[in-house]
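One structure below.
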Amino acid sequence: MSNKIWFITGASRGIGAEIAKAALAAGDRIVATGRDRAGLEKLYASYGERVLALALDVASEQQAQAAVAAALERFDRIDVLVNNAGYGQLGLFEEIEPADIERQFATNVFGLMHVTRAVLPAMRRQRAGHVFNLSSIGGVTGFKACAVYSATKFAVEGFSESLAQEVQPFGIHVTVVEPGFFRTDFLDARSVRYGARRVEEYHQLSGEMSQAYEAYNHQQPGDPARLGQAFVTLSRAPNPPLHYAAGSDALEYIGGAIERRAAELRQWQALTLSTDIVAAAA
């Protein structure tokens, strides 16, 4: 099928909006979702009937089911799901409130699962579909002041790898996307959140990390418009990858993480093998 129907979460700005624009430029139709339906309708007004704008808080399973039902009523199918909605809960682990950790998981992990659960029955009926789950370089390797955010993205990685095996018999592909740093509003005050607790022993490190993120904001090397185009390319690939690292920095960080893990496996191989049951002597 040349013209596809996309269901995109977090389509109001940033990477989600660029994916939507790229899909529309390719001649596809989209379901653009976000918390502000009026804002979405204004953003995509020029595309007319090719866009269905829907309000969706992914943390609500009921809203996810309702949004997917509305999408199917309008377009009759969903070919591509992009689980993009999410935000960054940054800061040192001990300085983040438990309630903020739960909110981070509710959006970045459980929200992604809610939408996926709502879409998969349609894709199974179609015997075709492509699910894109937005992870991060922080889902492959950890960084200081990213413990909670990285935990959600590591969860997305594991979920995606397992899900890919479960839905493969139905002709459904899963690609987990691991972007590096892209020049969006991800680190802006309205998007990112920092820990509210203060632990004196972390005072210097916490301040250094906050300043580093602020200095790097809008200096990131990644171009979100080009990433949007990459999604369209992947959506047309007959055998898309399970993992897609996006950006030169992603290649560097993920490649380094793989090399370090391989070296660690080799270093501790003898102890690893020592834990198997030893067969009784004949």
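Just so you know, all these numbers are worked out from the coordinates, no wet-lab data involved. The model shown is predicted, which means the values in this text are computed figures rather than measured ones. Backbone-built Cβ (ideal geometry, glycine too); neighbour counts: all protein chains shown.
Overview of results
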item: Charged-residue dipole, Cβ positions (Lys, Arg, Asp, Glu), the chain about Cα centre, Debye nearest 20; result: 980 debye
item: Of (i) 19.5; (ii) 20.0; (iii) 22.4, the label for Kirkwood radius over Cα pairs in Å derived from the coordinates; result: (ii)
item: Rounded FRET efficiency, nearest 0.05, which uses the C-beta distance separating GLU61 from LEU205 and R0 of 35 Å; result: 0.40
item: Phi to ³J(HN,Hα) by Karplus 6.51 cos²θ - 1.76 cosθ + 1.60 over region 31-45, Hz, x for Gly, Pro; result: 9, 9, 10, x, 6, 10, 5, 4, x, 5, 4, 5, 4, 10, 4
item: Paramagnetic label zone (point 7 Å from Cα along Cα-to-C-beta, GLU102; backbone N under 17 Å) in region 54-75; result: 59-61
item: Theoretical gain in end-to-end length, PHE93 to GLN165 [0.36 nm per residue, Cα-Cα removed]; result: 22.7 nm
item: Two-site label geometry, ALA45 and LEU251: point separation in nm, points 7 Å out along Cα→Cβ; result: 4.2 nm
item: Sequence-separation-based contact order of the chain, relative, with Cα cut under 8 Å and 6+ spacing, percent; result: 20 percent
item: Stretch gain in nm, segment ARG127-GLU214, where the contour uses 0.36 nm per residue and the Cα spacing is subtracted; result: 26.8 nm
item: Simple spin-label estimate for ALA70 and ALA263 in nanometres, 7 Å along Cα-Cβ; result: 5.2 nm
